[in-house]
């Protein structure tokens, strides 16, 4: 929501103090990301319903869904480029192409992939904890030098 009313995307790391800190924490924990789960669930459910109905009608489901995802990707990319940097439609389209690989797969296969992707994702996120403090300070100094010299 802050991006709708101010250029919050231009501020890399806003620092809040006092009541602003607690309001931002509340906002981040209880509002900002809660719709991701709901929209992802609805996207997956819509995918399943679309594929099932197309299959019942005897249509070419992969071709039909690929065409639908392509239109979504183009619409999302145009919206992302021309109107708002926070658009997510292109992301859903790309996820949909990935989702096609798992249609009509065994539950065991899907669970193995799900847990494998979770482990890989969290492993990549955790790598930052093994970066020495001296390296982080050196990188911060280099960033400050770039900002001070006007290089972006």
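Pair-distance distribution of the stretch 59-144: all C-alpha pairs, bin width 10 Å, starting at 0; shares per bin in whole percent are 14, 24, 26, 24, 10, 2. Please determine, in degrees from 0 to 90 and to the nearest 10, the orientation of helix 133-149 with respect to the longest principal axis defined by the Cα atoms of the chain, where the helix direction is its Cα long axis. The two axes meet at around 80 degrees. Taken along the Cα-to-beta-carbon direction at a fixed 7 Å, the label points for residue 131 and residue 28 span 1.7 nm. What shape does the stretch 103-152 take by its C-alpha gyration tensor, where a ≥ b ≥ c are the square roots of the eigenvalues and a/c under 1.5 counts as rounded, a/b above b/c as prolate, and the rest as oblate? Oblate, since a/c reaches 1.5 and b/c is not below a/b. Equivalent-ellipsoid semi-axes for the chain (Cα gyration tensor, √(5λ), whole Å, largest first): 38, 21, 17.
How far is helix 61-82 tilted off the main Cα axis of the chain, in degrees rounded to 10, range 0 to 90? Computed tilt is about 30 degrees. Against the chain, whose longest principal axis comes from its Cα atoms, helix 107-126 is set at around 10 degrees.
Laboratory data are not the source of any read-out in this text; all were calculated from the coordinates shown. Note that this is a predicted model, so its numbers are computed, not measured. Counting neighbours? That spans all protein chains shown, and the Cβs are built from the backbone with ideal geometry, glycine included.
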